[in-house]
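Shown next, in structure tokens, is the structure this report addresses.
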Amino acid sequence: MKKFNIRKVLDGLTAVSSSSSASQTGAGKENDAVPESLQSEHFQLCKTVRHGFPHQPCSMAFDPVQKILAVGTLTGALRLFGRAGVECYCQHESGASVIQLQFLINEGALVSALADDSIHLWNLRQKIPAILHSLKFNRERITYCHLPFQSKWLYIGTERGNIHIVNVESFTLSGYVIMWNKAIELSTKTHPGPVVHISDNPMDEGKLLIGFECGVVVLWDLKSKKADCRYNYDEAIHSVAWHHEGKQFLCSHSDGTLTTWNIRTPAKPTQIITPHGKQPKDGKKPEPCKPILKVEYKTTRAGDPFMVLSGGLSYDTVGRRACLTVMHGKSTAVLEMDFPIVDFLTLCETPYPNDFQEPYAVVVLLERDLVVIDLGQIGYPIFESPYPLSIHESPVTCCEYFADCPAELIPALYSVGSRQKRQGYSKKDWPISGGNWGQGTESYPEIIITGHADGSIKFWDASALMLQVLYKLKTAKVFERARGKEEKANADIVDEDPFAIQTLCWCPESRMLCVAGVSAHVIVYRFSKQEVATANVQLLEVRMQCELSDVDSPDATGEQTPTQASSLPSSPQDGEPPATASTQPSAGGNGSNSSADGHRDNIPCLQVRSSPLKQSPGYQVELVVQLVWVSGEPPQQITSLAINSSYGLVVFGNSNGLAVVDYLQKTLLLNLGTSELYSPSEPNQRQPCSPRKARQPSGALCDSNDGPNAAEERCKSPNSGSNSPFNSDDESKAKFIKKVKYKSRRFSKTVANDFDSKDVLFSRSRSSSMTSVDRESREAVCALCFCETFPKKSSEGAPSPCVLVGTTQGSVMLVALSLPHGDDHRLMQPVGISSCGTVARLKGGILTMALLDAAGAVLPASYEPWYDPNASDEEQEKEKSRWRRPASPPSSQEGHDSQFAVLCSEKQAKVLAMPSQTRVYKHSITESSFVLRADVVQMGGGNCIACLCANGHIMTLSLPSLRPLLDVNYLPLTDMRIARTFCFSNLGQALYLTSPTEVQRITYSQETCDNLQEMLSELFTPVETPEAPNKGFFKGLFGGGAQSLDREDLFGETASGKASRSLAQHIPGPGNMEGMKGAASGVVGDLARARVALDERGQKLGELEERTAAMMASADSFSKHAHDMMLKYKDKKWYQL
């Protein structure tokens, strides 16, 4: 009997509903035969790995045997680090701050204490750690925890000054309690304050050292249940450290002093020092310093001990950065840190506290960095971190994700990036080296590109769930930096971070990179493996003005006089006539460029450097494009960007319109307002419907030095006929300008400025037919796509180069490109451009556009194979021969559509048949919310649209039928950072910036989710615990070694009784089998249970194998001894025995 599958039935129903509004045309019927391989069972959403520095860290712990580092944060997150590529993230459900972490050393477990007075036991033996037990205190606040090495009893100090003891195996409280009133002297009239320290004597486990905040330290005898000694000091205590012999301990205090105590002389400290205090000559007490927050005392066999402390600086060091002090013998080193110190740990060779510690490194956790200092080398150099902790070196402003890149890209970026590494690091290996890498079968190159507020761009290798920086590009090098506030240009449109990256476009095949900054600038980069020196940076200034006002033209006739593109009209093409927009080697904009009424005019926001630029191997500047001020109005920030290496063109748009730049000829080809992209005869054309300043005609928009006629001719396509929208006569233009100027005089400039300040980056339009003054007059270009398609509805001829233009009002328009044939003609003849009018209208702003062939496969944009522009001609030809450009799409058959155009907006998605431009499918994505990010991605041999909505839903739609395949409520839009950085990639991958310092990677692929366990790294690896230190002959003979304590007899239920039930509540964690069985359901749960059972069985079989091997070894030993005994007494008589 055939098995009934309800999921396929639901898929069929959704397919019918999504295509119910499709046009019933011949194209639509033909389209029904397009096979779609992706189904809903191919999708599942889950988090994979988190990279970056832990946001708001507050605690830290280290396992010296497993060599694993754990970091806790203020938001309840745990980050665990091992060797390079071994990272793990887990989260406490309560979200409370992690006040302390304690490893069960070499046991694969971790105890976390939270600010909500709960403690949790984490199992680290599985790839995704889980909580085994939890204990929630009801009546007391937890302040300090201590877990002795190789002990199962955890000491917990509270705010009331009491100490409770917990069995970490069962997570139950012991009846043994150390009350504060029994620990302090009876004559003390005040409360000693919270417990700030607990530790046992390294040489006597029966002696517990308890530090109270008021300055009292108590040595408690666990067996006799009373205090042996009490040590009093006037200043509050922050930390305590033992000498490994157990005869002395060290305290750090709030006045910047360190006191050394002998356990047998509690009357006064044997030594008091102020490491950073000025010593008076008259023998008086040194001046007080800042508190020493932590001190550690570590001994060595062959030399002086190390004393490491944080804080304690003099109060007169105002403005000085945080410091870590290392005292070794007579030398004192003060190491300045870039950020405040949160915590530090000294890494030692042995986990035993009663042996020489032999420290070799110090791990310093800062607020925004993690530093490891080498104590074994002179000068205390730092280790080079293998973790991707520098994501937030400058705040991330944009992010792009590229999966399945060309294989040679990562080695090429690494080769040029390796030369950027700093020098002076320690020569030793990274000391945090625990864990093992995952054994995933999926392996394909992945690259993440991040743009930052300081203008830098970082390329990251994200393959195999790892992250490693490959190369860093500094775009700010192109510009002059203001050395002081008085030198800062008054033309800046942003006060801070004028070089910040707004958006970027990268072609992995040709390695062309194009970036747009917040100061309305665009930079085109080429990749080269050779160093070059550029005498002058090629600059193109663009005057994007799509509105008129009274001050725009001093001309009484209403015609605006065209302005020059730059004050230094030196073109790289000296022999050519001035038929192109001029370029200049450096920014010519200065304060002298102004209009007749004194407004800033023709001034770029940034000044390109005039001195020669030395460009290292890697990405090198090809062209800089800057938008300039227009009659006192700053240029609008760029909202969309695209580059095509095969055409040699860059296209970008903003709220003023669209511009096309030829970066090969360094010329401006097109500069149009958004309204001028509509065809004049088009019924959907948007006319100015308010007295707002109208858009300027195209003839006065192109930067030129040769009058409006030449500018108009340059914007025209050489192949376009009289029906081109750019062929309007001068007389009609003049009438249009006069009419709009008359209306604009009646409009308040204050209101106009208010409209100008509207943010068009995240348009929230609810309908494509809205008539709001602001929305109508500020329609911005928000999406661009190079493609090869049919510019007209007729199917004659083959597809030709085009640009799809999407706006914030839901219009999709087509711009045709006419490229000269041949490389020689391409550099000499201009590129023709003509507008083909509107293709479609959607609700909401356009987010993404793509083309499919007749079989439903994505048609990638053509590209030029990469070659080194600075290499010799022979090497360039050799590089080009290794590559092949993708074949052009097949020409359409007569009377048939051969392409599909996929359009997605904030509200809906449409699929059009090309060239007929007939709507085939339509799907309403959301009504109550809006889509923030949408991408057409390839996955598992098929294609789909992946969407992120503002309400937190992640959805995928099949192509071309737009069937809903996935809809998961993942996370709400709580921060614009997520909207700004979220991006989808091929093969079911996505990422976003979950905090200012961390990148979260997720997958929506069922295959990746199934293989995730194998792909993740392992934290716990079987390692033998080092042998305990030898007592020595005399210590063993006279009892001078370490004394052990049977804590089970002391703290067990039989000896101490049961603890109060109301004191704490035990909560079984989801990591144990009961919680797992209750939480798991369905097929995934069955697989999880089967996997766990298999792991348990394998573990039991392993234990059985070990026992069998031990029994066999014992049997062999017994056989050997029996044989030896037989040989010894074989020939002896009974009376000789």
Discussion item. Once R0 is set to 30 Å, what does the formula 1/(1 + (r/R0)^6) return for the Cβ-Cβ distance between residue 1053 and residue 290, expressed as a FRET efficiency to the nearest 0.05?
Written reply: 0.05
Worksheet item: Along the positive direction of the dipole of segment 258-357 (beta-carbon charges: Lys, Arg +1; Asp, Glu -1; about the Cα centre), which of 340, 274, 326 reaches farthest?
Response: 274
Fill in: Of the trypsin sites (Lys or Arg not before Pro) in segment 313-391, those whose Cβ has at most 13 other Cβ within 10 Å and which sit in DSSP loop
320, 321, 330
Worksheet entry | Order of exposure, largest accessible area first, which applies to 928, 1017 with probe 1.4 Å | 928, 1017
Practice prompt. With +1 on each Lys and Arg Cβ and -1 on each Asp and Glu Cβ, and nothing else charged, work out how big the dipole of segment 377-536 is about its Cα centre, in Debye to the nearest 20.
Written response: 640 debye
Worksheet item: Of the listed peptides 1048-1054, 634-640, 1063-1069, what is their order by residue-averaged count of other C-beta atoms within 10 Å, with the highest listed first?
Response: 634-640, 1063-1069, 1048-1054
Worksheet entry | Probe 1.4 Å, all protein chains present, accessible-area order of 1009, 289, largest first | 1009, 289
Practice prompt. Please list 213, 36, 906 in order of solvent-accessible area, largest first, computed with a 1.4 Å probe with all protein chains present.
Written response: 213, 36, 906
Discussion item. Just to confirm, what accessible area per residue do you get for segment 386-449 at 1.4 Å probe, in whole Å²?
Written reply: 49 Å²
Worksheet item: Given a 1.4 Å probe, how much area per residue of segment 885-1016 is accessible, in Å²?
Response: 32 Å²
Item to complete: Place +1 on the Cβ of every Lys and Arg and -1 on the Cβ of every Asp and Glu in segment 184-305, take the dipole about the Cα centre, and give the residue among 286, 216, 232 whose Cα lies farthest towards its positive end.
Response: 286
Discussion item. If I model a spin label at residue 1100 and residue 1122 as a point 7 Å from the Cα along the Cα→Cβ vector, what separation in nanometres do I get?
Written reply: 3.2 nm
Fill in: Options 77, 111, 66, ranked by Cα towards positive dipole end of segment 55-117, top entry (Cβ charges)
66
Response to the item:
To the nearest 20 debye, segment 169-240 has a Cα-centred charge dipole, built from +1 on Lys and Arg Cβ and -1 on Asp and Glu Cβ, of 320 debye
Practice prompt. Work through the residues other than residue 650 whose Cβ is under 10 Å from its Cβ and net out their charges, Lys, Arg +1 and Asp, Glu -1.
Written response: -2
Practice prompt. Report in % the part of the accessible area of segment 56-124 that belongs to carbon and sulfur, leaving out ligands and nucleic acids; probe 1.4 Å.
Written response: 50 percent
Worksheet, complete the sentence: Contour minus Cα-Cα span, residue 321 to residue 974, at 0.36 nm per residue, comes to 231.7 nm
Worksheet item: Ignoring ligands, DNA and RNA, what accessible area per residue does segment 187-255 give at 1.4 Å, in Å²?
Response: 37 Å²
Practice prompt. Could you state how much accessible area residue 1047 has, in square angstrom rounded to the nearest 10, with a 1.4 Å probe and all protein chains kept in place?
Written response: 20 Å²
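The values are calculated or read from the model by the stated rules, or taken from the named source; none is laboratory data. What you are looking at is a predicted structure, and each value in this text was computed from that prediction instead of being measured. When we count neighbours, we look across all protein chains shown, and the Cβ atoms used for this are built from the backbone with ideal geometry, even at glycine. Note: areas computed on protein heavy atoms with side chains; ligands, DNA, RNA excluded. Shrake-Rupley method; radii C 1.70, N 1.55, O 1.52, S 1.80 Å.
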